[in-house]
Amino acid sequence: MTRIIGGIAGSRQLTSPAKATRPTSDRIRESIFNRLASRDRLDGARVLDLYAGTGALALEAISRGAISALLVEKDGKAAAVCNQNAQLIQKALEKEGFFDPVTKVAHKAVSSFLSTDTGEYDLVFIDPPYDISNDEVIENLEALLPKLAKDAIVMVERSSRSEALAIPAGLELDEEKSYGDTAIYWLLKSA
């Protein structure tokens, strides 16, 4: 069962849409968010979660101080679960007196969303199904570039068995970290 690990809504259980998604494990999310906290990248962050699945990554960020999160998911059942989980976290925050964070869910294909969105983001999670090609992920990254704030961080999750991800111009690899079958690419916007 997927849960929020830390922050105001810590230990809240999230709903998962059957076998249609592969949520990032609690252990990996904990490592990601400990690193983001050590870099002071969560308070006030504007978060974008592409291929959101359960919404766990964006909702973890909201629980830990992000000011907004936009979850993009094309699967109807998964998008409905994202909405349900977002409402659960919003209620937990409001119960503790936090009314500012805004969470929205876009029920759209990632490529369609990126071609029309005009937002600016500080923190982006890209966790596509492992069967999506690296070429498609690179296209997503290229479309995302104009939407990134100056000091944005982009995290891409892929199978560690996949071919290494080519980093498009405009982004630079900060670190690649493997956790068993999962590889996390930490990308920064180039100066």
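The values are calculated or read from the model by the stated rules, or taken from the named source; none is laboratory data. All of these numbers come straight from a predicted model, not from anything done at the bench. In this analysis, Cβ positions are derived from the backbone assuming ideal geometry, glycine residues included, and neighbour counts consider all displayed protein chains.
Brief remarks follow.
- Members of the stretch 112-135 found to be surrounded by 13 or more Cβ atoms within 10 Å (Cβ to Cβ) and not in a loop (DSSP other than H, G, I, E, B), listed by number: Phe113, Leu114, Tyr121, Asp122, Leu123, Val124, Phe125, Ile126, Asn134
- Scanning the stretch 80-99 for residues that are assigned to a helix (DSSP H, G or I), in contact (Cβ under 8 Å) with a residue 40 or more places away in the chain and closer than 15 Å to Gly65 by Cβ yields Ile89, Ala92, Leu93.
- One residue from Ile32, Ile62 being without any contact (Cβ under 8 Å) to a residue 60 or more places away in the chain, outside any loop (DSSP other than H, G, I, E, B) and within 13 Å of the chain's Cα centre (by Cα): Ile62
- Selection from the stretch 147-166 of residues that are in contact with a helix residue (DSSP H, G or I) (Cβ under 8 Å, 6 or more places away or on another chain) and of a type in the set (Lys, Arg): Lys147, Arg158
- Of the residues Asp122, Asp117, Asp131, Asp100, the single one that is more than 23 Å from Thr2 (Cα to Cα), at pLDDT below 95 and of a type in the set (D, E, K, R) is Asp100.
- Of all residues in the stretch 65-87, those satisfying the criterion of being of a type outside the set (Gly, Ala, Ser), surrounded by fewer than 24 Cβ atoms within 10 Å (Cβ to Cβ) and either under 13 Å from the mean Cα position of the chain (by Cα) or over 15 Å from Pro128 (Cβ atoms) (or both) are Ile67, Leu70, Lys77, Asn83, Gln84, Gln87.
- Only a single criterion out of (1) of a type in the set (A, V, I, L, M, F, W, C); (2) modelled with pLDDT of 95 or more; (3) out of contact with any helix residue (DSSP H, G or I) (no Cβ under 6 Å at 6 or more places or on another chain) is not satisfied by Ala143, namely (3).
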